[in-house]
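Visitor: Handing you a structure now.
The values are calculated or read from the model by the stated rules, or taken from the named source; none is laboratory data. Model, not experiment: these values are computed from the prediction. Cβ placement follows ideal geometry from the backbone for every residue including glycine, while neighbour counts extend to all protein chains displayed.
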Amino acid sequence: MQPNPRASNLAGSATLALDARAKELIRSGVDVINMACGEPDFDAPAAVQAAAVAAVGGGNVRYTPPAGRPDLRETVARHLSATRSIEVAPEEVVITHSGKHALSHAFLALLEEGDEVLMPLPAWSSYDEEIRFAGGVPLHVGPRADMGPNLEAIEQACTERTRGILLNTPCNPSGYVWHAKELRRLGDLALERDLWILSDEIYGRLVFGDAVHVSPATLSPELRARTLIVDGASKAYAMTGYRIGFLFGPAELVAVVARMQSQLSGSPNAISQEAFLAALSEEPPEVEQMVRAFDERRQVMVEGLRDMGLDTPLPRGAFYAFPSVLPYLDERGAQGFCADLLEEQALAIVPGEVFGMDDHVRLSCALSVENIRRALERLGAFLDARQQVSST
Ligand code: GLU
């Protein structure tokens, strides 16, 4: 039985594969520190857990409308109005099975064969595959030295076939948080070239210090009209396994996505919808505690990496560090580096190739400070040994 080329060419998620490999080693008794996957180590807030249990116990687990429960769509609309300072109507929101699902459905709804999507690097690996699966072509544009968007290069990369721009702020893997003036310039390009903007804001709640999360949709009514926002419960509410998220955009497009959903997967999980409703109705106190913990962790991580001499941009959002390991790479690149690190020091991290930047590696800070310190020790020992090897 032959799958069609579009399906057979689809690469599996690299981050999930690495996570599965690390977990398999842990099950077999190896003391692996798993920094491969972007998954908070916290439990979901108490109110979220209680809501999920109550949904099951109360029998509130039947099909919902394919676009999601009306009260949840209303709550998401209110949440967006409060967090992005734009008035949002429930018809502009569709509840999806996750942020990832919202993204893939947006691409399927928007792209025609050969349409290009501009994407600043570094970028999460699933974007490319989702775009190609929908018939589109990802166009990569490298970053500035500080990992911010190279707007001049983005403008130059735009062609007749470019239909949209994908941005992710705060960025997985660099932690870069876009400034309003950068978003404005990108917005000008979108207006000038008639492009849509798909804004992945799944880490929007996780910003640190003086960083402020800004959505392009908030900058002007014209930009709001051409912006789609993807967000979900996984990162800010530690609800990864609940698989629940949403897409915001023009009501006509949202209706198309809801129709697609009604045919392709049906209504989103009813238990998770109840739990998401609890998370969004009133922010659980655990969320701010988690943000503070991520802030402390990224500081420990970045300090440790810089002490080792690794060039590491300070992440102002999300929960990853993305240092360059260029001086330590052999011909097998960051892939080989990460494979050796797992083998020799039982530390699982992600090679930069996965994000379009070959000289880097990604370490997740979604672990306890104690485990981050243990991981840094292992990485330090690995680098020492490697340096000795390459200098002999
Ligand atoms: N987004 C997370 C990561 O980058 C979760 C895994 C995935 O879906 O790729 O690690």
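Okay, residues lined up against (1) buried (at least 23 other Cβ atoms within 10 Å of the Cβ); (2) of a type in the set (Lys, Arg); (3) in a helix (DSSP H, G or I):
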| residue | (1), (2), (3) |
| --- | --- |
| GLU303 | no, no, yes |
| ASP311 | no, no, no |
| PRO315 | yes, no, no |
| ALA339 | no, no, yes |
| LEU342 | no, no, yes |
| GLU353 | no, no, yes |
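Visitor: Could you check, for the range 166-178, whether at least one of its residues is free of Cβ contacts under 8 Å to residues at least 12 places away in the same chain and away from the ligand (no atom under 16 Å from the Cβ)?
Guide: No; the residues of the range 166-178 include none that is free of Cβ contacts under 8 Å to residues at least 12 places away in the same chain and away from the ligand (no atom under 16 Å from the Cβ).
Visitor: Within the range 324-338, can one find any residue that is of a type in the set (A, V, I, L, M), within 16 Å of the ligand (Cβ to nearest atom) and closer than 26 Å to ASP146 by Cβ?
Guide: Looking through the range 324-338, at least one residue is of a type in the set (A, V, I, L, M), within 16 Å of the ligand (Cβ to nearest atom) and closer than 26 Å to ASP146 by Cβ.
Visitor: Any chance you could count how many residues in the range 59-91 are surrounded by 14 or more Cβ atoms within 10 Å (Cβ to Cβ) and hydroxyl-bearing (Ser, Thr, Tyr)?
Guide: Residues in the range 59-91 being surrounded by 14 or more Cβ atoms within 10 Å (Cβ to Cβ) and hydroxyl-bearing (Ser, Thr, Tyr): 3 in total.
Visitor: Could I ask something else about it? Among all residue pairs at least 6 apart or on different chains, which show Cβ distances below 9 Å where the first residue, located in the range 311-322, is without any contact (Cβ under 8 Å) to a residue 60 or more places away in the chain and the second is within 14 Å of the ligand (Cβ to nearest atom)?
Guide: Pairs that qualify, where the first residue is without any contact (Cβ under 8 Å) to a residue 60 or more places away in the chain and the partner is within 14 Å of the ligand (Cβ to nearest atom), are THR312/ALA321; THR312/PHE322.
Visitor: Taking into account only those residues within the range 284-301 that are of a type in the set (Lys, Arg) and within 16 Å of the ligand (Cβ to nearest atom), which is surrounded by the most Cβ atoms within 10 Å (Cβ to Cβ)?
Guide: ARG298
Visitor: Next up: Would you pick out the residues in the range 202-259 that are over 20 Å from HIS101 (Cα atoms) and among the aliphatic types (A, V, I, L, M)?
Guide: Answer for the range 202-259, where residues must be over 20 Å from HIS101 (Cα atoms) and among the aliphatic types (A, V, I, L, M): LEU206, VAL207, ALA211, VAL212, VAL214, ALA217, LEU219, LEU223, ALA225.
Visitor: So the check is Cβ under 9 Å with 6+ separation or different chains; which pairs have a first residue in the range 230-252 that's of a type in the set (Ser, Thr, Tyr) and a second one that's within 14 Å of the ligand (Cβ to nearest atom) and modelled with pLDDT under 95?
Guide: So the pair list comes out as SER234/GLY38; SER234/GLU39; THR240/CYS37; THR240/GLY38; THR240/GLU39.
Visitor: Residues that are over 17 Å from THR240 (Cβ atoms), out of contact with any strand residue (DSSP E or B) (no Cβ under 6 Å at 6 or more places or on another chain) and within 16 Å of the ligand (Cβ to nearest atom): list the helices (runs of 4 or more DSSP H) wholly contained in the range 25-138 that include at least 1 such residues.
Guide: 99-110, 126-133
Conditions tested, residue by residue: (1) touching a strand residue (DSSP E or B) at 6+ places or on another chain (Cβ under 8 Å); (2) among the acidic types (Asp, Glu); (3) within 16 Å of the ligand (Cβ to nearest atom).
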residue: ASP146; (1), (2), (3): no, yes, no
residue: GLY164; (1), (2), (3): yes, no, no
residue: GLU192; (1), (2), (3): no, yes, no
residue: VAL214; (1), (2), (3): no, no, no
